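Quick notes on the structure that follows.
Nothing in this text is a laboratory measurement; each read-out follows from the coordinates by a stated rule. Computed from a predicted model, the values in this text were never measured in an experiment. Reconstructed Cβ throughout: ideal geometry from the backbone, glycine too, with neighbour counts over all protein chains shown.
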Amino acid sequence: MRRWVWFSVLMLTAFFAAAVPAMAKPFEVGLALDCARRYFSADELERYIDFLAGYEGSFLQLHLTDHENVGLELETLGQTAVFAVRDSDGTVRNPKTGKPFLTKAQLTQLGRYAEARGVELVPEIDFPGHAGGFYRLARVKFGAEIADRLFIDTGGGTYEANLSDAEMMTLIRAVYSEAAAIFPRSTVFHIGCDEVFSASDEEIGRYIAQIADFVRDQGFAVRIWNDSLTKANLRLVPPDLEITYWSFDGDAEDESERAERRLARASLPELLDAGFAVLNFNSYYLYYVPSAGDSETDLTMMVGELRDGWRIEKWDGTAETSLSPERVGRIVGAGVSVWTEDSAGVADETIFVQSQALVSALREKIRPADNSSD
């Protein structure tokens, strides 16, 4: 009799769970912050979390690796807190490269802080492009001969992972495995995949599929930048990827190069029609590169253009684009990106205020009524 009662309870629970639709995920609005080419302390990053908090669907994406630096502790590549040096202000530095980084303890605490404030903390580890920081750590740990085999020199101090090397793939998995363990409270992990020039469409498509599966198995939804997704390789990549769409043509200066990329790459409508979740990161309206030469007028103009010219369906620069309501309804979020390669001489406070202004303008465009409480 007791077994029958428990069976009945289980059946009724299953019935009601199936009958009640799942709550829709809130539209996401947030900030991608370049923490590789400029060091942000853990305390400074908490300020960004505080600003983003209180707004449903907020996220802070930390772009932690790039050509200039690997901005987090990674034992896999010999960058550890144990052997680090500390500045008088507490900044932790790799003694071999002189570059600052955030420790596992700092990032773990930051994850706790973000969770408590209701902000999704999205780590971004960028492979296979933008790998110069990884190359320099590999030279120190493994020696120049091995590093030169694992990475492809693309000129001017830039490097890409050699996807044809089995040891490189093993190293990439080790990096993602170690990084995943640092962010147990995050539900989303960004694997980069932007501006890759040394691999074919097929190679990059197979790479994305392998690494996305690997990171998903660590317990995350997986995001990537859009520009490695082409008409030729779209069939190779898993359809549950979340795409941060920044540019159709990579904003190339050469007109013929832009045209060639547009012929090859998947457009935002094509990604939506293929079933991918997409977040709009339009590089004209939603990208900002702080520099010492900026004026208050520059920021005012950019905020004004965002408020007056951008709409959620505007994904291709300033081009007027037409998306059906059904397609617009499948865009799941939008974000401002702040890239810091030219930020030398700009105060932390200035970048914070600039970021705040841009995200606030984006919030107003998405849900103006909600912004009144900010």
The number of residues in region 137-149 that are farther than 14 Å from ASN162 by Cα and either in contact (Cβ under 8 Å) with a residue 60 or more places away in the chain or buried (at least 24 other Cβ atoms within 10 Å of the Cβ) (or both) is 3
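Residue by residue through region 320-362, note down the ones that are assigned to a helix (DSSP H, G or I) and either in contact with a Leu (Cβ under 7 Å, 6 or more places away or on another chain) or closer than 30 Å to ASP273 by Cβ (or both).
PRO325, GLU326, ARG327, VAL328, GLN354, SER355, ALA357, LEU358, VAL359, ALA361, LEU362
Quick grid of which residues meet (1) within 23 Å of ARG223 (Cα to Cα); (2) not hydrophobic (A, V, I, L, M, F, W, C):
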site	(1), (2)
PHE276	yes, no
SER291	no, yes
MET302	no, no
ALA334	yes, no
TRP339	yes, no
SER343	no, yes
ILE351	no, no
SER355	yes, yes
ALA361	no, no
Pairing a residue in region 226-241 that is over 18 Å from GLU195 (Cβ atoms) with any residue that is of a type in the set (Phe, Trp, Tyr) and surrounded by 15 or more Cβ atoms within 10 Å (Cβ to Cβ), where Cβ atoms lie under 8 Å and the two sit 6 or more apart in sequence or on different chains, gives PRO239/PHE276
Which pairs turn up if I take residues in region 262-273 that are in contact (Cβ under 8 Å) with a residue 24 or more places away in the chain and look for partners that are assigned to a helix (DSSP H, G or I) and among the acidic types (Asp, Glu) with beta carbon separation below 6 Å, at least 6 apart in sequence or on another chain? none
Looking for something in contact with a Ser or Thr (Cβ under 8 Å, 6 or more places away or on another chain) and surrounded by 22 or more Cβ atoms within 10 Å (Cβ to Cβ) - is there at least one such residue anywhere in region 289-301? yes
Condition (residue is charged (D, E, K, R), on the phi < 0 side of the Ramachandran plot, crowded, with 17+ Cβ neighbours inside 10 Å and outside any helix (DSSP H, G or I)) applied to region 156-163: is it met by at least one residue? yes
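Could you tell me how many of the residues in region 41-100 are in a strand (DSSP E or B), within 18 Å of the chain's Cα centre (by Cα) and not aliphatic (A, V, I, L, M)?
5
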Some residue of region 294-302 being assigned to a loop (DSSP other than H, G, I, E, B) and over 23 Å from ARG235 (Cβ atoms): yes
Selection count where residues are within 19 Å of ALA221 (Cβ to Cβ) and part of a loop (DSSP other than H, G, I, E, B), scope region 231-272: 6
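This table checks each residue for (1) in contact (Cβ under 8 Å) with a residue 40 or more places away in the chain; (2) farther than 25 Å from ALA24 by Cα.
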site	(1), (2)
GLU255	no, yes
ARG258	no, yes
GLY275	no, no
TYR285	no, yes
TRP315	yes, no
I'm trying to understand the selection: among the residues of region 178-198, which are assigned to a helix (DSSP H, G or I) and either farther than 23 Å from HIS67 by Cβ or of a type in the set (A, V, I, L, M, F, W, C) (or both)? ALA179, ALA180, ALA181, ILE182
Of those in region 201-236 that are under 21 Å from SER283 (Cβ atoms) and hydroxyl-bearing (Ser, Thr, Tyr), the residue nearest to the chain's Cα centre (by Cα) is SER228
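Within region 129-148, is there a residue that is within 19 Å of ASP66 (Cβ to Cβ), hydrophobic (A, V, I, L, M, F, W, C) and assigned to a strand (DSSP E or B)? So that I can check it myself, show each step before the final result.
The initial filter retains those residues of region 129-148 that are within 19 Å of ASP66 (Cβ to Cβ), namely 129-141, 147.
Right, trim to hydrophobic (A, V, I, L, M, F, W, C) and you get 131, 134, 137-138, 140, 147.
From the residues that got through so far, the ones that are assigned to a strand (DSSP E or B) too are none.
Within region 129-148 (the criterion being within 19 Å of ASP66 (Cβ to Cβ), hydrophobic (A, V, I, L, M, F, W, C) and assigned to a strand (DSSP E or B)), the answer is no, since none of the residues qualifies.
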Please state which of the following conditions PHE352 fails to meet, knowing it meets all the rest: (1) free of Cβ contacts under 8 Å to residues at least 24 places away in the same chain; (2) closer than 29 Å to GLY71 by Cβ; (3) of a type outside the set (S, T, N, Q). (1)
